[in-house]
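Below is one structure; the comments refer to it alone.
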Amino acid sequence: MAFRNVAMRVLLLLAVVSATYAAKGKAEKESADGPAASGPGGEYDITKLGAKPDGTTDCTEALEEAWASACGSTGNPTIIIPKGDFLTGALNFTGPCKGDGLTIKLEGNLLASNDLAKFKSNWIEIMRVKKLSITGKGNIDGQGKAVWTKNSCQKNYNCKILPNSLVLDFCDDVLIEGISIINSKFFHMNIFQCNGVTVKDVKVTAPGDSPNTDGIHMGDSSNVSIIDTTIGVGDDCISMGPGTTKVNISGVTCGPGHGISIGSLGRYKDEKDVTDITVKNCVLKGSSNGLRIKSYEDAKSPLIASKITYENIKMEDSGNPIIIDQKYCPNKLCTSKGDADRVTVKDVSFKNITGTSSTPEAVSLLCSEKEPCEGITMSDVKIEYSGTNNKTMAVCTHAKVTATGVDKANTCAA
């Protein structure tokens with residue numbers, strides 16, 4: 001009996017010791033793999049999760065682990081991307097998250113892999129997240145130069161799309177501030193079905209001849225503000241697609257690029273209206289277009305673009321400074337049909353638009369015979385052709401314009 005009691009005590013002691021060592025081992029593993037990356041206030045530094053700032057080591061796993069930890073945390077967690085170059089493949093950051101708000105602090109440079117097999121669609125895609133901030137002085141570098149030659153969209157209407165750099169899907173209350181987004185393989189930023197996005201003091205840059213490198217594109221989104229941002233790219237600086245409402249663009253410098261555009265509209269069936277757009281206090285430098293509204297002549301479904309205000313805009317040798325084009329057809333790849341012209345453009349105001357144009361046509365209102373442009377008002381529009389081989393002119397078809405304080409060469413008003 002005594003022997004049995006001693007044996008039981010020994011077994012119990014061994015069990016306690018074993019449990020103690022197991023708990024210690026588990027804590028050490030957790031410390032190495034997870035919570036050790038968490039600093040004061042829930043900070044997750046990707047270098048503590050294995051990311052190497054050498055520009056060649058694939059850091060995808062470390063970034064996705066940081067996201068999973070931060071998104072699963074309460075409070076206000078922060079993912080820290082310190083100085084250095086971090087190469088990644090596709091990053092899928094999906095919510096909803098548990099905390100009150102999540103911050104990505106970007107001080108280093110994220111580099112997109114040029115192995116296209118690593119991307120199913122986009123590079124950095126953030127989905128179903130509320131109260132997100134991306135701040136810092138670092139770069140999101142798409143390294144697009146290596147793959148731009150693989151873009152066939154100039155020749156093929158239904159081309160294969162290269163990865164967009166930063167994509168926000170179904171996100172609310174987002175702030176993107178201070179960072180730079182450069183040399184995207186396709187669009188630099190794409191905002192889809194979001195509400196309450198602010199882009200402030202951001203730089204978006206790519207060569208003027210880089211294909212389809214739109215700066216910021218948005219669609220089916222509302223309450224978007226783009227403030228004090230500099231954009232120079234190979235396509236539209238800003239493009240507002242179908243379903244875009246309540247947009248404020250202010251203090252933006254655009255160029256090179258294809259201008260600040262609404263559209264293109266009408267390419268796909270059942271697109272939604274575009275309304276309540278304000279563009280103020282902006283400068284367009286050497287862009288191929290200025291303020292542009294573009295819609296397909298062979299639009300698939302009816303829709304309306306309305307309540308659009310452009311105010312205090314300076315042109316510096318921009319082509320087509322003011323243009324509404326209801327016969328938009330890039331590279332002549334579309335065809336007009338008998339039921340065409342189903343996009344309505346109305347209630348558009350141009351106020352205090354000044355500067356110089358690189359094309360004789362300072363104003364081009366190329367509207368549809370079936371759906372004429374209505375409610376176009378122009379006041380204090382004074383744009384001069386900067387060349388010497390022609391004169392400044394306005395070219396207008398099927399547009400109902402009211403003009404006050406507008407140079408004769410800039411108006412189509414009866």
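Table for the structure above
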quantity	calculated
Long-range HN-HN contacts of residue 44 with modeled amide H, under 5 Å	39, 78, 79, 80
Total charge dipole magnitude, the chain, about the Cα centre, Cβ charges on Lys, Arg, Asp, Glu only, Debye to nearest 20	600
Nearest-0.05 FRET efficiency for residue 158 and residue 370, computed from C-beta distance (R0 30 Å)	0.65
Karplus (6.51, -1.76, 1.60) ³J(HN,Hα), θ = phi - 60°, over the range 171-185, in Hz, Gly and Pro reported as x	10, 10, 6, 10, 10, 10, 9, x, 7, 10, 10, 10, 6, 5, 6
Cross-link pairs 145/246; 105/200; 294/351; 137/185; 307/327; 145/203 - those with Cα-Cα distance over 26 Å	145/246
Whole-percent carbon and sulfur share, accessible surface of the range 164-269, 1.4 Å	44
Cα shape, the chain, gyration tensor, a/c 1.5 rule	prolate
Extended-chain gain in nm, criterion 0.36 nm per residue less alpha-carbon gap, residue 391 and residue 329	19.6 nm
Cα centroid of the range 345-407 to Cα centroid of the range 104-165, whole Å	36
Expected 222 nm ellipticity per residue - DSSP helices of 4 or more, -39500 (n - 2.57), all of the chain, to 500	-3500 deg cm²/dmol
Solvent-accessible area per residue for the range 172-280 (1.4 angstrom probe, square angstrom)	30
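The values are calculated or read from the model by the stated rules, or taken from the named source; none is laboratory data. Here the structure is a predicted model, which is why all the values come from computation and not from measurement. Methodologically, a virtual Cβ is constructed for each residue, glycine included, from the backbone with ideal geometry; neighbour enumeration extends over all protein chains shown. Please note that ligands, DNA and RNA were not included when accessible areas were found on the heavy atoms of the full protein model with its side chains. Shrake-Rupley method; radii C 1.70, N 1.55, O 1.52, S 1.80 Å.
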